[in-house]
Amino acid sequence: QVHLVESGGGLVQPGGSLRLSCAISGVIAGIYDMSWYRQAPGDQRELVAVIETPGTIRYAATVEGRFTISTNYAKTTLDLQMNSLKPEDTAVYYCSADITTIIAGAKDRKNYWGQGTQVTVSS
């Protein structure tokens, strides 16, 4: 069993900051790409930021320079520091990770998702 649990969402005024965290747990053999996505009402889920193996970081153009993605050495947490927030950043934010587990002696690699955390930017 692998679990990804997000925290840190909430209501913030335009120009404010929030820090999202994602706790990753379970019997894990390896963790590869780690990402934050978001989905606003009526929109498709979009990639916000990703840490690719072995370490390249990419951001969506809409958040470049305002958001920072990071992880710890053990890859048990994935954070997203969000500064200079705008109303258009309002969405449910999801963490995602490409993870390998071992099932019945065989490696199984797939993408796991958290349940999401709501971020609302409004005055």
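Here are the numbers:
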{"read-out": "Residue in region 39-46 that is open to solvent by less than 70 Å² (accessible area, probe 1.4 Å) and either outside any strand (DSSP E or B) or under 18 Å from Ser17 (Cα atoms) (or both) present", "value": "yes"}
{"read-out": "Members of region 59-85 that are loosely packed, with under 13 Cβ neighbours inside 10 Å and not hydroxyl-bearing (Ser, Thr, Tyr)", "value": "Ala61, Glu64, Gly65, Asn72, Ala74"}
{"read-out": "Which listed residue, of Ile51, Ile102, is over 12 Å from Leu4 (Cα atoms), open to solvent by 80 Å² or more (accessible area, probe 1.4 Å), aliphatic (A, V, I, L, M) and in contact (Cβ under 8 Å) with a residue 24 or more places away in the chain", "value": "Ile102"}
{"read-out": "Selection from region 4-36 of residues that are open to solvent by less than 60 Å² (accessible area, probe 1.4 Å) and not small (Gly, Ala, Ser)", "value": "Leu4, Glu6, Val12, Leu18, Leu20, Cys22, Ile24, Ile28, Ile31, Asp33, Met34, Trp36"}
{"read-out": "Matching residues, region 105-123, being among the polar types (S, T, N, Q) and open to solvent by 40 Å² or more (accessible area, probe 1.4 Å)", "value": "Asn111, Gln115, Gln118, Thr120, Ser122, Ser123"}
{"read-out": "Verdict on Gln81 being assigned to a loop (DSSP other than H, G, I, E, B) and in contact (Cβ under 8 Å) with a residue 40 or more places away in the chain", "value": "no"}
{"read-out": "So Ser96, is it under 19 Å from Gln118 (Cβ atoms), in contact (Cβ under 8 Å) with a residue 60 or more places away in the chain and in contact with a Leu (Cβ under 8 Å, 6 or more places away or on another chain)", "value": "yes"}
{"read-out": "Condition check for Leu11: modelled with pLDDT of 95 or more, under 19 Å from Leu85 (Cα atoms), outside any loop (DSSP other than H, G, I, E, B) and more than 12 Å from the chain's Cα centre (by Cα)", "value": "yes"}
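The values are calculated or read from the model by the stated rules, or taken from the named source; none is laboratory data. Being a predicted model, the structure only gives us computed values, none of them experimental. Note that each Cβ is placed from the backbone with ideal geometry, even for glycine, and that neighbours are counted across all protein chains shown. Please note that ligands, DNA and RNA were not included when accessible areas were found on the heavy atoms of the full protein model with its side chains. Shrake-Rupley method; radii C 1.70, N 1.55, O 1.52, S 1.80 Å.
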